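Colleague: Here it is, the structure in full.
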Amino acid sequence: MGRAEDDEPPPKRVKVSSRKLGDLSKSTLLTDPVSCSLNDLMARPLVCQGDDEVVGAKGVVKKVEFVRIIAEALYSLGYNKAGALLEEESGIPLQSALVKLFMQQILGGKWDESVATLHKIGLMDEKIVKLASFEILEQKFFELLDGKNVMDALKTLRTELGPLCINNDRVRELSLCILAPSQQVLAGMSGQDVVRPKSRTKLLEELQKLLPPTVIIREQRLVHLVEQALDLQLDACRFHNSLVGEMSLLTDHQCGRDQIPSRTLQILQDHSDEVWFLQFSHDGKYLASSAADCLVIIWEVKLDGLFCVKHRFSGHQKPVSYISWSPDDHQLLTCGVEEVVRRWDVESGECIHIYEKNGLGLISCGWAPDGNRILCGVTDRSISMWDLEGKELECWKGHRTIRISDLGITSDGKHVVSVCKDNMILLFGWESKAEKVILEDQTITSFVLSTDNKYLLVSLWNQEIHLWDIEGTAKLISKYNGHKRSRFVVRSCFGGLNQAFIASGSEDSQVYIWHISSGELVETLAGHSGTVNCVSWNPADPHMLASASDDHTIRIWGLNQVKMKHDDTVSNGVHYCNGGT
C-alpha cells in the first residue's frame with residue numbers, strides 16, 4: 001500500500017378511533033345551557049381555577065391545558081361520562097360556552113348564527129375569521145343547492161361568499177354549479193366534489209384544524225403528544241437499530257449495545273491482495289468487492305446470512321478502485337485506476353461493454369437514475385456521460401473532478417456530486433446548470449451521499465468526518481472523529497436502520513461506528529490485521545456490515561446476540577427490538 005504524495009491521496013483510496021363529533025350533543029355540548037345571551041358568552045378566557053398552576057417536576061405543563069387535552073382524549077375514546085365528570089370535578093371546561101354554542105350551531109346547520117358566533121369568539125387574526133366564514137357559507141351554499149333552493153344559493157354566493165374576497169377561484173367554480181347544477185364535476189383547485197355537500201361533522205373537523213388550538217383543542221391531541229414522545233425516545237436511543245415490535249408507555253424505550261453489528265460472522269479470503277473497495281447491492285442480496293489484485297468478486301448473500309462467490313470478474317489491467325451498482329442491481333460498473341470502466345451483467349458474469357477515452361484514464365463511475373446512462377470522472381478533470389452503448393452524450397470540462405474516485409448522482413437525476421478541488425465539493429445540475437459548492441478547511445479524501453440525497457458524508461485528511469445537509473444552502477451539521485488516518489484514504493458510509501449510524505474504516509485496523517444524531521462513538525470493531533479501507537452497510541439488513549482491509553480479507557459483521565420476536569427465528573434479515581435494555 002503506497003504512501004500519499006503531496007496533498008493528494010493515493011489512487012486506491014482513490015390507532016385510536018377518531019372522535020365522534022356527532023356525539024358532542026350527548027356530551028360537552030349539553031353540559032352548559034345555551035339559553036344565555038351571546039353578550040354573556042362573548043370571548044373571554046376560560047373561567048377556571050388555577051390558570052397559572054403547573055404540574056410536573058419541570059414546571060412547564062400548565063394544569064388547565066393538561067386537563068383539557070385529557071378531557072378531549074376521554075371524549076375521543078367514547079368515554080363521554082368520564083369526560084363530563086372530569087370537566088365538572090376540575091372546574092376546567094374542555095371548550096368555552098361560546099365555542100360549544102358555535103359547534104352546536106354547525107352541527108345543527110344554523111349557518112348565519114354560527115358565523116355571528118364565530119365573530120364573537122374573539123379571534124385576533126381576521127384572515128382566519130374570513131377563512132372559517134368561507135367554509136361555513138360554502139357548506140350553506142351546497143346544502144341550499146342540494147335542496148333545490150337555487151335562488152337562495154345564488155344569493156349566498158353573491159352577497160355572502162363573494163364579498164369575503166377569499167379564494168376567488170373557488171367562487172368561480174361554485175358559480176358553475178348555478179349554471180349547470182346537474183353536472184357532477186370535480187374542482188380543479190381543491191379536489192372536492194363541487195356539487196355534493198360534505199357532512200356537517202366533516203365541516204366541524206376542518207374548522208377545528210383552521211381555528212387556533214387555544215379556541216378548539218385539536219382532535220386526539222394527547223395521542224399525538226404521546227406519539228411524539230415515543231418518536232423522540234427512538235431518536236435519542238443511541239443503539240436503536242431494529243424495527244420496533246411493541247413500545248410500552250409504562251417504561252422508557254432503550255436498546256442495548258447488542259443491536260449494533262460487532263461480531264465477525266464470516267471472513268472472506270478470496271482476494272490475493274489489498275481489498276480496496278466494496279459495496280452492497282441496493283436490495284442487499286449481493287456484495288461486490290475489488291482489490292489491488294485487479295479482481296472484482298460478486299458475493300451472494302444466502303438466506304442463512306452466509307456469503308458465497310457468485311462471480312469473479314477479471315479483465316482490468318490495473319487495480320480496481322471503484323464499483324457502482326445499477327439502479328435495478330442487474331448490472332455493475334467497475335473502474336480500474338486511471339484505466340477503463342467495465343459494465344458487467346450480474347446474472348451471467350459477462351462483460352457487456354468497456355468505456356474509455358483515447359489518451360485519458362477514467363477514475364470514477366456512476367449510474368443515472370434511469371439506468372440508461374453512465375457518468376465517469378476523467379483524468380483531465382472532466383466528467384463524461386455515455387449511453388449504455390458507449391456513445392458520449394455530454395462532457396463537462398474544467399475543474400469538475402480531481403483524481404479521487406468518488407462520484408455521486410442524486411436519485412432524482414438532477415445533480416452530480418464530485419470533488420473539484422482538494423478542499424471543495426461541487427454539486428451541479430446537468431440540466432439546470434446551477435452549481436453549489438461545499439468548502440472544507442482540509443483536503444477531502446472521500447465522500448458518500450445518503451440514500452435520500454439530503455446529506456453528504458465527507459472524510460478529511462485531518463482524521464475528521466463531516467456531515468453536511470445539502471438541501472437548499474449546504475450546512476455543516478456534525479463532525480465525527482476517533483478513527484485513525486495519516487497516510488491512506490479510508491472510506492466511510494451511512495447505515496443501520498433509517499441510516500441512523502455512520503461507519504468508517506481506519507488505519508489502526510478497526511471499524512468505527514458513530515450514532516449520527518448524537519455524534520457519539522458507539523462501537524469499535526477489532527479483527528482485521530491491516531488498514532480497513534472501506535466499509536459498507538447492508539441496506540436491507542441493519543445488522544449486517546462488511547469491511548475491506550489491506551490484510552486481503554473482507555469481514556462480515558453481525559450481532560453478538562439477536563433477540564428474536566417470534567420463536568427465536570430471523571427472516572430475511574428483519575429483526576425486532578422491544579425496547580428492553
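Colleague: Could I have the simple spin-label model distance between K148 and V54, label points 7 Å from Cα toward Cβ, reported in nm to one decimal?
Modeller: 6.3 nm
Colleague: With every protein chain left in place and a probe of 1.4 Å, what is the accessible surface of V226, to the nearest 10 Å²?
Modeller: Answer for V226: close to 50 Å² accessible.
Colleague: When only Cα pairs under 8 Å and 6 or more residues apart are kept, what is the percent relative contact order across region 277-335?
Modeller: Numbers: 123 pairs, mean separation 18.5, N = 59.
With pairs under 8 Å counted, the relative contact order is 31 percent.
Colleague: Probe of 1.4 angstrom, ligands and nucleic acids ignored: what's the accessible area per residue over region 43-133, in square angstrom?
Modeller: 53 Å²
Colleague: Sticking with this structure for a sec: Gain in length, N80 to L439, computed as 0.36 nm per residue apart minus the alpha-carbon separation, to one decimal in nm?
Modeller: The span from N80 to L439 would gain 123.2 nm if fully extended.
Colleague: Which distance in Å, rounded to a whole number, links the C-alpha centroids of region 317-341 and region 103-137?
Modeller: When both Cα centres are located, 65 Å separates them.
Colleague: Considering only protein heavy atoms and a probe of 1.4 Å, how much of the accessible area of region 80-162 is carbon and sulfur, as a whole percent?
Modeller: The value for region 80-162 is 54 percent carbon and sulfur by accessible area.
Colleague: When all protein chains stay in place, what accessible area (Å², nearest 10, 1.4 Å probe) is found for L232?
Modeller: L232 has an accessible surface of roughly 120 Å² with all protein chains in place.
Colleague: How far is it, in nm, from the label point at E205 to the one at L179 when both lie 7 Å from their Cα along the line to the Cβ?
Modeller: Calculated label separation equals 3.3 nm.
Colleague: Tell me, what is a quarter of the convex hull surface for the C-alpha atoms of region 379-477, in nm² with one decimal?
Modeller: 6.5 nm²
Colleague: Rounded to the nearest 0.05, what FRET efficiency is calculated for D380 and Q228 with R0 set to 51 Å and r the Cβ-Cβ distance?
Modeller: Between D380 and Q228 the formula returns 0.45.
Colleague: Can you sort H311, H543, H552 by 1.4 Å-probe accessible area, starting with the largest? Could the numbers behind the result be given before it?
Modeller: Details: H311 35, H543 10, H552 70 Å².
Largest accessible area first, the residues go H552, H311, H543.
Colleague: Same structure again: Residues with amide H under 5 Å of D422's amide H, sequence separation 5 or more or different chain, H placed in the peptide plane at 1.01 Å from N; which?
Modeller: So D422 has HN proximity to no qualifying residue.
Colleague: Relative contact order for region 519-562: what percent, with Cα pairs under 8 Å and sequence separation of 6 or more?
Modeller: 32 percent
Colleague: Turning to a different aspect of this structure: As a test question: what accessible area, to the nearest 10 Å², does C255 have when a 1.4 Å probe is rolled over all protein chains in place?
Modeller: Accessible surface of C255 is approximately 10 Å².
Colleague: Okay, next question. Report the FRET efficiency, 1/(1 + (r/R0)^6), for C395 and R257, where r is their Cβ-Cβ distance and R0 is 56 Å, rounded to 0.05.
Modeller: Here the calculated transfer efficiency is 0.65.
Colleague: Too long at a 19 Å Cα-Cα cut-off: which of K357/K391; K140/K202; K318/K397; K391/K414; K100/K198?
Modeller: In this structure, K318/K397; K391/K414; K100/K198 lie more than 19 Å apart at Cα.
Colleague: If you roll a 1.4 Å probe over region 248-291 with all protein chains in place, what percent of the accessible area is carbon or sulfur?
Modeller: 45 percent
Colleague: Could you run the Karplus curve 6.51 cos²θ - 1.76 cosθ + 1.60 with θ = phi - 60° over region 81-93 and give me ³J(HN,Hα) per residue in whole Hz, x for Gly and Pro?
Modeller: 5, 5, x, 5, 5, 4, 4, 5, 6, 7, x, 10, x
Colleague: With a cut-off of 14 Å, note down the residues of region 321-343 whose backbone N falls inside the zone around a label point 7 Å from the Cα of I352 toward its beta carbon.
Modeller: Label zone hits: 324-334, 342-343.
Colleague: So which trypsin sites (Lys or Arg not before Pro) in region 227-305 end up in coil per DSSP with only 10 or fewer other C-beta atoms within 10 Å?
Modeller: K302
Colleague: Rank these residues by their accessible area, most exposed first, probe 1.4 Å: Y286, Y79, Y455.
Modeller: Y79, Y455, Y286
Colleague: Here's something else I'd like to know. For D469, D169, what's the largest-to-smallest order of accessible area, 1.4 Å probe? Please list the in-between numbers first.
Modeller: Values: D469 25, D169 70 Å².
Accessible-area ranking of D469, D169, largest first: D169, D469.
Colleague: Ordered by residue, what ³J(HN,Hα) values in Hz, to whole numbers, does region 478-484 give under the Karplus form 6.51 cos²θ - 1.76 cosθ + 1.60, where θ = phi - 60° and Gly and Pro are x?
Modeller: Coupling constants for region 478-484: 6, 10, 10, 8, x, 6, 10 Hz.
Colleague: Let me ask another. Would you mind classifying region 270-388 by shape? Square roots of the alpha carbon gyration tensor eigenvalues, ordered a ≥ b ≥ c; an a/c under 1.5 is rounded, otherwise it is prolate if a/b is larger than b/c and oblate if not.
Modeller: Oblate.
Colleague: Between I166 and E113, what is the spin-label point distance in nm, taking each point 7 Å from the Cα along the Cα→C-beta axis?
Modeller: It is 2.1 nm.
The values are calculated or read from the model by the stated rules, or taken from the named source; none is laboratory data. These numbers were taken from a predicted model, which means no experiment stands behind them. All Cβ positions, glycine included, derive from the backbone under ideal geometry; neighbour counts span all protein chains shown. Surface accessibility is based on the protein's heavy atoms, side chains included, excluding ligands, DNA and RNA. Shrake-Rupley method; radii C 1.70, N 1.55, O 1.52, S 1.80 Å.
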